Amino acid sequence: MWLAELVKNNVKGGNGGVGSLLVRYMSRTRAVNVRKINPKVPIPEAKSIASSLYDLIKQRGPLTVPNTWTLAQEAGIGGLNSRTHMKIMLKWMRGRKLLKLFCNHVGSNKKFLHCTLPEEPQTEQLESLPEPVLQTKKKPSAKRKKKTKK
C-alpha cells in the first residue's frame, strides 16, 4: 500500500526518480530462460546437431543466423528441419554455454553474431611456460627487545 502511494507521488511530479525507475523496472517483461529451451528433438539427436553446428561455427568464425543456415545446408547437417528449428537449436546451445551471441554495430544497423566460447588453455601451453621463481628476503624482526627495569 505504501509502495503504491510512493509511486503515485513520484509519477505525478514528486521530487525523485524512484517511482519512474520502479515503474520502468516493473513494466518490463522477464527475459526468456534459455536453459529451459525445448530443442524439439530427442536429447541425443539435439547433441549431435549441436556438435555439428558448433564445429561449423568454430571453423568459419562468428556467423550471423542467415550465414549459419546457408552453411548448415551446404554441410548437410542432418536433423535440422527448418531455419526456425536451427534458431531454436542455437538458443538451446547458448543456454548450455556452448555459444555466445554478441552485437556488432555497423552504422545505424546491428548485426548479431554467434561465436564459440573460448576453450580452456591447452596443457601443452601450460607446460611450456616456465614457473616464476619467487625471491623472498627475510627481513629482520621488527620487534624491539624490552628493557627490563633494574
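The values are calculated or read from the model by the stated rules, or taken from the named source; none is laboratory data. Not measured: the values here are computed from a predicted model. For neighbour counting, all protein chains shown are included, and Cβ atoms are generated from backbone atoms with ideal geometry for every residue, glycine included. To get the accessible areas, we keep the full protein, side chains included, count just its heavy atoms, and leave off ligands, DNA and RNA. Shrake-Rupley method; radii C 1.70, N 1.55, O 1.52, S 1.80 Å.
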When the stretch 73-92 is checked residue by residue, the ones that are over 11 Å from Ala46 (Cβ atoms) and part of a helix (DSSP H, G or I) are Gln73, Glu74, Ala75, Arg83, Thr84, Met86, Lys87, Leu90, Lys91
Can you find even one residue in the stretch 99-122 that is at pLDDT below 85, among the acidic types (Asp, Glu) and over 19 Å from Lys40 (Cα atoms)?
yes
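Could you check the stretch 21-66 and list, in sequence order, the residues that are of a type in the set (S, T, N, Q) and open to solvent by 80 Å² or more (accessible area, probe 1.4 Å)?
In the first step, residues of the stretch 21-66 are kept if they are of a type in the set (S, T, N, Q); the result is 27, 29, 33, 38, 48, 51-52, 59, 64.
The answer is Ser27, Thr29, Asn38, Gln59.
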